[in-house]
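Data block below; observations after.
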Amino acid sequence: PGSRVEHMYIMGGTMHGKGNTTMAAEFNFSQDPEAVAVTLAGFTADRCTILPWEICIEQGPFGWDFFDEIPTDTRYGRLMRGICGAYEQRLRHEEDFILCDPCAMAVCLQSHLALKTKELHCEVELTGKLTRGMVVYDWYGFMKLPTNVTLVLEFDAPAYRQIVHALFTGNEPNVSIYRPITRKSSLSSSSLSSPLDTAVAQLDIAGELVDAEKDVLRLEKAHHEYAVLHPHQQE
């Protein structure tokens, strides 16, 4: 498994067992621990990078003031507000505004944003009464097994915020944030006029934000249909 994948980037799991779905498990990994176990078993540390939940909440929060400043007159601004509308309604007064999955995408596209990493052997608990879905890292080599993941321990949150802010507003970020594209793609560097163009093009290559307007309309339609079917949850 995984032999045909050049490199896998994962936003999921925990680093210190601080679960957000159960006491010890992060949402993504908790949904199908067996699938996670099979997937991780098919990779080596140089081809699998994990950005855990704790890094996102401790180093990557934006705050609701950032969300409030996202414009509605830009393509990606409208997409983000559409995606996060239900999130805002439910959790604005309970937790900070966090963009977890884009953190992993940022590391995928600009690997230098991962300031500190460590190669480890990683497994997922499958049977524990309280810990099913928990990620277990062999920090001290007790199992004597090959490393199969690179764990991100420290993340360049200020640079990440600047990239995301530039994407939503259309403003140019600091040129020093970006590095040349190194992965295979059909993108011609001569067609890129700025670092922002590079960031947007890379996101499009990754399959993200390809048609924002249609995505927003589809999200709004789904949200409306859900509200009609579940009116009591909108109160």
Selection status of Glu58, outside any loop (DSSP other than H, G, I, E, B), open to solvent by 70 Å² or more (accessible area, probe 1.4 Å) and modelled with pLDDT under 90: yes
Any chance Ala37 is in a helix (DSSP H, G or I), touching a residue at least 60 places away in the same chain (Cβ under 8 Å), over 26 Å from Leu113 (Cα atoms) and open to solvent by less than 60 Å² (accessible area, probe 1.4 Å): yes
Scope segment 7-29; condition in a loop (DSSP other than H, G, I, E, B), open to solvent by 20 Å² or more (accessible area, probe 1.4 Å) and hydroxyl-bearing (Ser, Thr, Tyr); matching residues: Thr21, Thr22
Lys129 vs. criteria at pLDDT 90 or above and within 16 Å of Leu51 (Cα to Cα): no
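Go through segment 149-181 and count every residue that is assigned to a helix (DSSP H, G or I) and either at pLDDT 95 or above or not basic (Lys, Arg) (or both). Break it down into steps so the answer makes sense when it comes.
Start the filter on segment 149-181 by keeping residues that are assigned to a helix (DSSP H, G or I), which leaves 157-169, 175-177.
Those still in the list that are either at pLDDT 95 or above or not basic (Lys, Arg) (or both) too: 157-160, 162-169, 175-177.
So the answer is 15.
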Count - residues of segment 133-173 that are touching a residue at least 60 places away in the same chain (Cβ under 8 Å), hydroxyl-bearing (Ser, Thr, Tyr) and out of contact with any helix residue (DSSP H, G or I) (no Cβ under 8 Å at 6 or more places or on another chain): 1
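Can you give me the number of residues within segment 23-57 that are hydroxyl-bearing (Ser, Thr, Tyr) and within 10 Å of Met11 (Cα to Cα)?
We begin by selecting, within segment 23-57, every residue hydroxyl-bearing (Ser, Thr, Tyr); these are 30, 39, 44, 49.
If we keep only those that are within 10 Å of Met11 (Cα to Cα) as well, we get 49.
Within segment 23-57, residues that are hydroxyl-bearing (Ser, Thr, Tyr) and within 10 Å of Met11 (Cα to Cα) number 1.
Open to solvent by 30 Å² or more (accessible area, probe 1.4 Å), of a type in the set (Ser, Thr, Tyr) and either farther than 19 Å from Met15 by Cβ or under 12 Å from the mean Cα position of the chain (by Cα) (or both): is that true of Tyr87 in this structure? Lay out the reasoning, then the answer.
Numbers: open to solvent by 30 Å² or more (accessible area, probe 1.4 Å): yes; of a type in the set (Ser, Thr, Tyr): yes; either farther than 19 Å from Met15 by Cβ or under 12 Å from the mean Cα position of the chain (by Cα) (or both): yes.
Considered against the rule, which asks whether it is open to solvent by 30 Å² or more (accessible area, probe 1.4 Å), of a type in the set (Ser, Thr, Tyr) and either farther than 19 Å from Met15 by Cβ or under 12 Å from the mean Cα position of the chain (by Cα) (or both), Tyr87 comes out as yes.
State whether the residues of segment 99-108 include one that is closer than 17 Å to Arg47 by Cα, open to solvent by less than 70 Å² (accessible area, probe 1.4 Å) and over 16 Å from the mean Cα position of the chain (by Cα).
Taking segment 99-108 first, the residues closer than 17 Å to Arg47 by Cα are 104-108.
After this cut, where a residue has to be open to solvent by less than 70 Å² (accessible area, probe 1.4 Å) as well, the list is 104-108.
Imposing the further condition that a residue be over 16 Å from the mean Cα position of the chain (by Cα) reduces the set to none.
Scanning segment 99-108 turns up no residue that is closer than 17 Å to Arg47 by Cα, open to solvent by less than 70 Å² (accessible area, probe 1.4 Å) and over 16 Å from the mean Cα position of the chain (by Cα).
Specify which of the listed residues (Arg47, Arg78) is touching a residue at least 12 places away in the same chain (Cβ under 8 Å) and closer than 17 Å to His7 by Cβ.
Values: Arg78 fails: closer than 17 Å to His7 by Cβ.
Just a single option satisfies the conditions, and that option is Arg47.
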Meets criteria (within 26 Å of Phe29 (Cβ to Cβ), hydroxyl-bearing (Ser, Thr, Tyr), more than 18 Å from the chain's Cα centre (by Cα) and open to solvent by 40 Å² or more (accessible area, probe 1.4 Å)) for Thr131: yes
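Pick out the one residue from Thr49, Thr147 that is hydroxyl-bearing (Ser, Thr, Tyr) and open to solvent by 30 Å² or more (accessible area, probe 1.4 Å).
None of the others qualify; the one that does is Thr147.
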Near pairs, Cβ below 6 angstrom, 6+ apart or cross-chain, from segment 88-117 (without any contact (Cβ under 8 Å) to a residue 60 or more places away in the chain) to any residue that is open to solvent by 70 Å² or more (accessible area, probe 1.4 Å): Leu115/Glu154; Lys116/Glu154
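Is it the case, given these coordinates, that Asp65 is open to solvent by 50 Å² or more (accessible area, probe 1.4 Å), in contact (Cβ under 8 Å) with a residue 12 or more places away in the chain and either over 23 Å from Arg4 (Cβ atoms) or of a type in the set (D, E, K, R) (or both)? Don't jump to the end; show me each part of the working.
Working: open to solvent by 50 Å² or more (accessible area, probe 1.4 Å): yes; in contact (Cβ under 8 Å) with a residue 12 or more places away in the chain: no; either over 23 Å from Arg4 (Cβ atoms) or of a type in the set (D, E, K, R) (or both): yes.
When the stated conditions are applied, Asp65 does not pass them.
The values are calculated or read from the model by the stated rules, or taken from the named source; none is laboratory data. Predicted, not measured: the structure shown is a model, and the values here were computed from it. Glycine gets a Cβ as well: all are built from the backbone with ideal geometry, and neighbour counts include every protein chain shown. Side chains are part of the model used for accessible areas, which takes the heavy atoms of the whole protein and leaves out ligands, DNA and RNA. Shrake-Rupley method; radii C 1.70, N 1.55, O 1.52, S 1.80 Å.
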